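What follows is a single structure, written as structure tokens, with notes after it.
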Amino acid sequence: MLKMRNLSRVYRTETIETTALDGIDLDIADGEFVAIMGPSGCGKSTLLNILGMLDSPTSGSYSFDGIEVAGLPEAKLADIRKHNLGFIFQSFNLVDELSIRENIELALLYHDVSAAERRRRADEVMDKVGIAHRARHRPNQLSGGQQQRVAVARALIARPRLILADEPTGNLDTQHGEEVMKMLQALNREGATIVMVTHSPSHADYAGRLFNMLDGRILQERRRAA
Ligand code: ADP
Ligand code: MG
């Protein structure tokens, strides 16, 4: 599904140059569950943003389904994102002025989907993550664990093939973190490809493959024994 070759990302300001990614080679196949670990500042979020086509590499190649995305115009990238990708972040990024249902339906706004179908799909994903009874609530009326479930539902409503999760359990207590991991595991078993950044070794154990990063490079890779 994904292939990166000698990919680098350098942030330049007037005074300093930061090499956030330094020669990344990475292959991820359809249906994999990959975890990425490493100290703060080593480039994990930068890597996820580039995988998600929210940012572009400074050099090197990134192909998605065999299509080189590095030079594509923003409209085309947006189209690929819309049809293939779902994002889950550490902070839940919900809109406080909207209900849970509206937050979730918002993710289908630029899709060619009727209002009735949006509603049906919102019901389906709210059921799936166990928040259907909170549909009319506002995000700030929910616990952190529930808010992250809403964020997962929002990522799922467009039926992405690839889910990118940046420390999805970072703001959650042990129990709610575990619940989110169980949801990701279930999604992966249903066929979604998942790439997740985490600081938790036990959460990384849910993945079939683990990368450790340091200073913008992939240091080592571990595959879980089947
Ligand atoms: P991680 O997610 O592993 O903590 P990041 O990918 O966020 O690391 O950051 C990698 C490096 O790039 C860090 O040194 C960070 O300071 C730098 N960096 C990240 N985003 C920017 C930016 N927008 N402008 C300048 N430097 C950045
Ligand atoms: Mg980060």
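The values are calculated or read from the model by the stated rules, or taken from the named source; none is laboratory data. Worth saying up front: this structure is predicted, and the values here are computed from it rather than measured. All Cβ positions, glycine included, derive from the backbone under ideal geometry; neighbour counts span all protein chains shown. Note: accessible area is taken over every heavy atom of the protein model, side chains too, but ligands, DNA and RNA are not part of it. Shrake-Rupley method; radii C 1.70, N 1.55, O 1.52, S 1.80 Å.
Of 175, 147, all but one fail to be assigned to a helix (DSSP H, G or I), more than 16 Å from ligand 2 (Cβ to nearest atom), over 30 Å from residue 4 (Cα atoms) and in contact with a Phe, Trp or Tyr (Cβ under 7 Å, 6 or more places away or on another chain); the exception is 147.
Evaluate segment 128-136: report whether one residue or more is of a type outside the set (Gly, Ala, Ser), surrounded by 13 or more Cβ atoms within 10 Å (Cβ to Cβ), assigned to a helix (DSSP H, G or I) and modelled with pLDDT of 95 or more. Yes; the residues of segment 128-136 include at least one that is of a type outside the set (Gly, Ala, Ser), surrounded by 13 or more Cβ atoms within 10 Å (Cβ to Cβ), assigned to a helix (DSSP H, G or I) and modelled with pLDDT of 95 or more. Of the residues 67, 24, which is open to solvent by 70 Å² or more (accessible area, probe 1.4 Å), touching a helix residue (DSSP H, G or I) at 6+ places or on another chain (Cβ under 9 Å) and either over 22 Å from residue 155 (Cα atoms) or of a type in the set (Val, Ile, Thr) (or both)? On inspection, the qualifying residue turns out to be 67. Taken over segment 36-72, the criterion of being under 18 Å from the mean Cα position of the chain (by Cα), more than 16 Å from ligand 1 (Cβ to nearest atom) and among the hydroxyl-bearing types (Ser, Thr, Tyr) is satisfied by 63 alone. Kindly check whether there is at least one residue in segment 143-162 that is over 22 Å from residue 79 (Cβ atoms), modelled with pLDDT under 95 and surrounded by fewer than 16 Cβ atoms within 10 Å (Cβ to Cβ). Scanning segment 143-162 turns up at least one residue that is over 22 Å from residue 79 (Cβ atoms), modelled with pLDDT under 95 and surrounded by fewer than 16 Cβ atoms within 10 Å (Cβ to Cβ).
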